1. Based on the mean of other Cβ atoms within 10 Å per residue, sort peptides 192-205, 40-53 so the most packed one is first.
2. With a sphere of radius 14 Å drawn around the Cβ of residue 191, what net charge do the other residues whose Cβ falls strictly inside it have (Lys, Arg +1; Asp, Glu -1)?
3. Arrange 68, 76, 97 by Cβ neighbour counts within 10 Å, fewest through most, would you?
4. Kyte-Doolittle cut-off -1.0, length cut-off 15 Å along the helix's own axis using Cα: show which whole DSSP H helices in the chain pass.
5. Provide 156, 101 in ascending order of the number of other Cβ atoms located within 10 Å of each residue's Cβ, fewest first.
6. So, in the chain, how many Lys pairs have Cα atoms under 27 Å apart, if the pair is 8 or more places apart or on different chains?
7. Report the FRET efficiency, 1/(1 + (r/R0)^6), for residue 148 and residue 35, where r is their Cβ-Cβ distance and R0 is 45 Å, rounded to 0.05.
8. In nanometres, what is the gap between the two model label sites at residue 99 and residue 198, each 7 Å from Cα along Cα-to-Cβ?
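No lab work stands behind these numbers, since they all come straight from the coordinates. Predicted, not measured: the structure shown is a model, and the values here were computed from it. Neighbour counts run over all protein chains shown; Cβ positions are idealised from the backbone, glycine included.
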Amino acid sequence: MSTVDLIEKQDKRRMFSHGTGWKVFSYSVLAVGAFISLVPFFWMIMKSLMSLGESLGASVIPSEIHLENYSIAWSEANFSRYMLNSVVITVMTLGGELVFSIMAAYAFAKLKFPGRDVIFAVLLSSMMIPGMVTMIPNLLTVTWFGRVGPIPWIDSWPALTIPFMGSVFSVFLLRQFFAQIPDELFDAAKIDGAGHIRILLQIVLPLSKPPILVIVVLSFIGTWNALAWPLLVTNSLDWLPIAVGLLNFIDDGGSNLNLIMAGSFITIIPILVMYFFTQRQFTESIARSGLKG
């Protein structure tokens with residue numbers, strides 16, 4: 001064997017050794033992260049299968065499985081009504097957010113009008129304001145609109161949906177993606193006589209499925225898990241979402257931890273199902289839409 005062949009063989013061994021060691025390290029870190037993420041989920045399921053006394057103790061594995069906790073949680077907390085409310089609120093919020101965000105992002109990305117960049121910069125700066133700071137101004141706003149409008153907003157669907165239909169993050173994400181679409185496609189469509197609505201529907205939206213899917217998943221999770229705002233703008237049980245239903249298991253005598261965990265598992269089932277069917281597309285959307293580091 002020549003010296004050159006021997007050097008090449010040694011280089012290949014070093015590269016293989018380095019690559020194998022890096023893979024082992026990467027998989028080890030991912031395994032530890034996955035374990036840490038699954039521990040609270042496992043703890044929730046185990047507690048949901050215990051009796052009340054056992055769930056308040058330090059044991060992790062139930063001595064006896066109590067599947068009736070789920071039926072009790074569903075019936076006692078009126079989860080069927082809260083589940084329907086959450087579905088209606090989520091669908092309305094998500095639909096409005098997509099419509100307004102897509103139109104605003106298209107305007108910022110492809111239309112030229114005075115002050116466009118300044119307005120967009122102001123919108124981006126509002127993302128630095130914590131959500132809790134804007135909660136009271138939003139409450140005053142929806143209260144005023146409910147007084148001057150034809151229908152009351154407080155304790156009804158407008159207060160729970162309309163304030164969240166204008167998402168700055170969604171506008172920013174879509175605007176960044178729309179700006180990457182070649183202008184030649186728009187010029188060709190305009191030559192064929194297409195207007196902005198037709199261009200948006202037939203060209204932009206078919207090419208923008210990745211960021212739209214990201215918005216759908218993130219907005220669905222945020223709206224479904226909303227708790228503080230519904231408690232602030234609702235006074236009756238008519239429009240309370242499912243996250244608020246978990247508070248029914250907390251009374252003067254303490255919290256029914258086993259029922260709370262059973263109700264929590266019921267609450268996250270729709271999120272798990274949706275993410276299970278969109279996991280691959282969602283991951284690809286993250287990679288293609290600029291959310292990764």
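1. In descending order of packing, they fall as 40-53, 192-205.
2. Values: positive: 190, 198; negative: 183, 184, 187, 192.
Residues close to residue 191 contribute a combined charge of -2.
3. The fewest-first ordering by Cβ neighbours comes to 68, 76, 97.
4. Values: long enough: 3-48 (67 Å, 0.35); 79-110 (45 Å, 1.12); 116-126 (16 Å, 1.41); 135-148 (20 Å, 0.92); 168-179 (16 Å, 1.68); 209-224 (22 Å, 1.66); 257-288 (41 Å, 0.97).
Span-like helices in the chain: 3-48, 79-110, 116-126, 135-148, 168-179, 209-224, 257-288.
5. 156, 101
6. Total qualifying Lys-Lys pairs in the chain comes to 10.
7. After rounding to 0.05, the efficiency reads 0.25.
8. For the pair residue 99/residue 198, the computed spacing is 2.3 nm.
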